[in-house]
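Asker: Before I ask anything, here is the structure I am working with.
The values are calculated or read from the model by the stated rules, or taken from the named source; none is laboratory data. Computed from a predicted structure; not experimentally measured. Counting neighbours? That spans all protein chains shown, and the Cβs are built from the backbone with ideal geometry, glycine included.
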Amino acid sequence: MSNTENQNLTSEIPPEQMGFNSRFQFECHKGVKCFTNCCRGISLMLTPYDILTMKNRLKLTSEEFLAIYTKPELLEKADLPVVTLKLLDDDKESCPFVHDTDGCTIYEDRPTTCRYYPLGVGSLSYANELDEKEEFFFQIKESHCFGFEEKKEWTVAEWRQDQGVDLRDEINEGWANLIVRKKSLPPSMILSEETKKMFFMVCYNIDKFKQFVFESSFLERYDIEDELIEKIKQDEIELLKFGFDWLKAMLFDTGQEKFRVKDKS
Ligand code: SF4
Ligand code: SF4
């Protein structure tokens with residue numbers, strides 16, 4: 001499971017909070033009798049970086065990837081758009097990337113949620129201007145998963161490192177913070193449909209956001225350093241992080257030093 005929101009809604013027991021040093025017993029491999037059971041009938045939220053890596057692996061534009069593989073949804077409490085993986089229309093509602101005997105066909109680029117599993121992540125609160133939030137982890141013990149019967153032991157930190165979620169969480173952090181921050185605001189703070197569309201474009205449609213930055217009046221409006229402009233032109237991850245910063249400035253009026261409006265006098 002991944003950042004902040006990607007908690008499996010079908011978890012069957014109340015989660016016990018875990019920290020980085022908490023230990024658990026688990027292993028997943030081709031020999032388990034439940035192999036690929038967890039890749040069917042799931043609700044799998046995709047993070048911005050998931051979309052970026054998956055669309056590149058599949059050699060699709062972000063628009064094409066969104067149209068073929070995702071479903072737009074609204075994260076109710078935050079009132080922000082998210083995307084989930086569109087499952088196949090077969091009797092098991094399989095993930096489009098699962099193969100019965102080989103498992104995940106995009107394993108090196110599998111989504112963050114798949115990497116975290118069988119752990120989930122939660123946030124206790126959104127604390128302050130420094131984007132510090134209290135995070136905790138929990139085990140998702142589902143009856144179809146027999147990985148808990150295996151003998152291998154991990155700490156949460158070891159699991160995160162083994163599965164490559166540290167890097168992903170670092171890249172997605174700005175997105176996760178936007179969601180947690182928005183959730184912590186009173187429900188009366190309603191975003192316009194236009195703002196939600198902007199959030200969707202920045203977070204999930206990187207090609208469109210790139211067009212927006214470089215082919216609209218965006219760079220005429222803001223006084224952005226040349227070095228940064230060059231960086232976001234060359235590097236999609238930098239562009240994504242730039243987008244999160246811009247959304248933060250737009251939505252919450254913070255961190256705006258990077259987005260000074262140009263003096264036209
Ligand atoms: S992306 Fe891979 S690991 Fe994740 S649900 Fe699909 S097949 Fe399973
Ligand atoms: S259900 Fe659990 S043990 Fe079985 S394949 Fe999925 S993660 Fe591995």
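Asker: Among residues belonging to segment 20-50 that are of a type in the set (Val, Ile, Thr) and within 13 Å of ligand 1 (Cβ to nearest atom), point out the one that is nearest to Glu170 (Cα to Cα).
Answerer: Thr47
Asker: Kindly indicate whether any position in segment 133-151 is of a type in the set (S, T, N, Q) and more than 16 Å from ligand 1 (Cβ to nearest atom).
Answerer: Yes, segment 133-151 contains at least one residue that is of a type in the set (S, T, N, Q) and more than 16 Å from ligand 1 (Cβ to nearest atom).
Asker: State whether the residues of segment 108-123 include one that is closer than 20 Å to Lys33 by Cα, out of contact with any Cys (no Cβ under 6 Å at 6 or more places or on another chain) and away from ligand 2 (no atom under 13 Å from the Cβ).
Answerer: No; the residues of segment 108-123 include none that is closer than 20 Å to Lys33 by Cα, out of contact with any Cys (no Cβ under 6 Å at 6 or more places or on another chain) and away from ligand 2 (no atom under 13 Å from the Cβ).
Asker: Exactly one condition in (1) closer than 21 Å to Glu170 by Cα; (2) part of a loop (DSSP other than H, G, I, E, B) is not met by Thr53; state its number.
Answerer: Only one criterion in (1) closer than 21 Å to Glu170 by Cα; (2) part of a loop (DSSP other than H, G, I, E, B) is unmet by Thr53, namely (2).
Asker: Same structure, new question: Hey, among Ser143, Ser94, which residue is buried (at least 18 other Cβ atoms within 10 Å of the Cβ) and not assigned by TED's automatic domain parsing to the domain that holds Asp245?
Answerer: Of the residues listed, the single one that is buried (at least 18 other Cβ atoms within 10 Å of the Cβ) and not assigned by TED's automatic domain parsing to the domain that holds Asp245 is Ser94.
Asker: Looking at segment 230-240, is at least one residue charged (D, E, K, R) and buried (at least 16 other Cβ atoms within 10 Å of the Cβ)?
Answerer: Within segment 230-240, one or more residues are charged (D, E, K, R) and buried (at least 16 other Cβ atoms within 10 Å of the Cβ).
Asker: Is it true that some residue in segment 240-247 is within 17 Å of Val83 (Cβ to Cβ) and either assigned by TED's automatic domain parsing to the domain that holds Asn56 or not hydrophobic (A, V, I, L, M, F, W, C) (or both)?
Answerer: yes
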